[in-house]
Structure formats: structure tokens, C-alpha cells
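Since the structure comes first, as C-alpha cells, the remarks are kept for the end.
What follows draws every value from the coordinates through simple rules; no lab data is involved. These numbers were taken from a predicted model, which means no experiment stands behind them. Cβ: placed from backbone, ideal geometry, glycine included. Neighbour counts: every protein chain shown.
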Amino acid sequence: MAGDSNMTVDAGIYVPSPQIACLGDRVWLDANQNGIQDALEVGVAGVTVTLLNGSGQSIATTITNANGIYNFCNLVPGTYSVIFSRPIGYLLTSNDREEMMNRIVMPMLTGQSSTVTLVAGDNNLSLDAGLYPQLPTNAGLGNYVWNDVNYNGVQDINETGVAGVTVTLYAADGTTVLNTTTTDELGYYIFNNLTPSTYVVGFSNLPSGFVFTTTDRGGNDATDK
């Protein structure tokens, strides 16, 4: 009406917070190395997990808790992946079986997950990783010294081993001596607990009157010299 002053028509405004999302899951000790979180397999604490954005840039890190659980929350919808930092002495199992159940496949050595796309309100708990202890990588090297009666370079039936021959293990340069042994009573020798590498073997102290036969005569390394 004429003369009225109505001060009740108002409007509130605000800056909306972005709709957020979360991702995460678990790092566990995959005792049977089958890539599946079985009932009695425990979580692994203290594993560093790095969050990458869609461009592959690191944007956050966290550490798994006492139960192996980790998560990243307050994420803007978008594309993400994670990298699990493998603890010393452990390897990552492959999650191929879990892929069939819509799980995320973890590359066995790199520790980086596939990418996931989050929408507002997502809580994606599919990025997990199984660990198992790395077995010792030591190797062995050895075989046999025998009396090659017909000197054809092949271990024929009824040709017997020669005991007491000195066998020397050299580094790849062929001069640095790493170890020595002698053939046993059956002619066999072995060097155990070797780091994977290239080695050279030398034979010496042959019985009186013996010489070496020609190498690789038979085309079979299991039976020829």
C-alpha cells in the first residue's frame, strides 16, 4: 500500500563447497600369493601410499595404519591412482583374480594402481595391494668331473667320476678368485650361496697322467664337457 516499507524480501547467497569423494583400501600380507585378501591374512602397517592426480603428479601421501588401512578423503571428483612403496624384503602380488571381481589390478613390481574416476560422494575402496616376503636370490653352480675313457667329451654310461680335482670359482674377469673346492668321491662339486652374476670355473690338480678332453663335443651341456 502507499507508504508501506516492506523489508522482508531478502535472499541468502553462499559459496558452495565442492562435492568431495574418498578412495583407499588396504595393504595386506598375501601369505599364499593368490592376490586375494583371505580371511586370516593380516594387514601391513607403515606402508607409504602416494596419491597421483590424472596427470600423474603426486598430490598427497599417507601411511597404512596398524591394520594396513589407508584412505584419501576430501578429494575433488576426478581421476586418480596410487603408488604403494614396497617395503624392503617384500614383493607385490598380482591381483589378476580380483580383477574378475571388479577389483583394481596392481602391477607386480611397480606398485602403481590403475586409474579410477571419482564422482561426488564416491568412497572407492578398491585400491589394495598384497605383499609377500622376497625369497633369497642366492644361486648355485657346479657339476661333475669324470674319467672320459673314450675321450669323446661326453659322459657315457659306466664312465666314473674323479675325486680330488681342485675346482676354482672366479669372478667374470676370469682372474679374481672367489672360492675353491674339490670334487667329492663321486666326482661332483658345487658352489652354493652365490649372488646372481657371471662366473668362470677352472679345474686343476688333475690326477697324474690325465689331460682335459675337448669341450662341447656332444651338444648337450648336461652330459658333455
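Evaluate E = 1/(1 + (r/R0)^6) for GLN19 and ASN67, where r is the Cβ-Cβ distance and R0 equals 30 Å; express this FRET efficiency to the nearest 0.05. Computed FRET efficiency for GLN19 and ASN67 comes out at 0.55. In percent, rounded to a whole number, the relative contact order of segment 21-133 is 36, using alpha-carbon pairs under 8 Å and six or more apart.
Taking 7 Å steps out from each Cα toward its Cβ at MET7 and VAL119 produces label points 4.7 nm apart.
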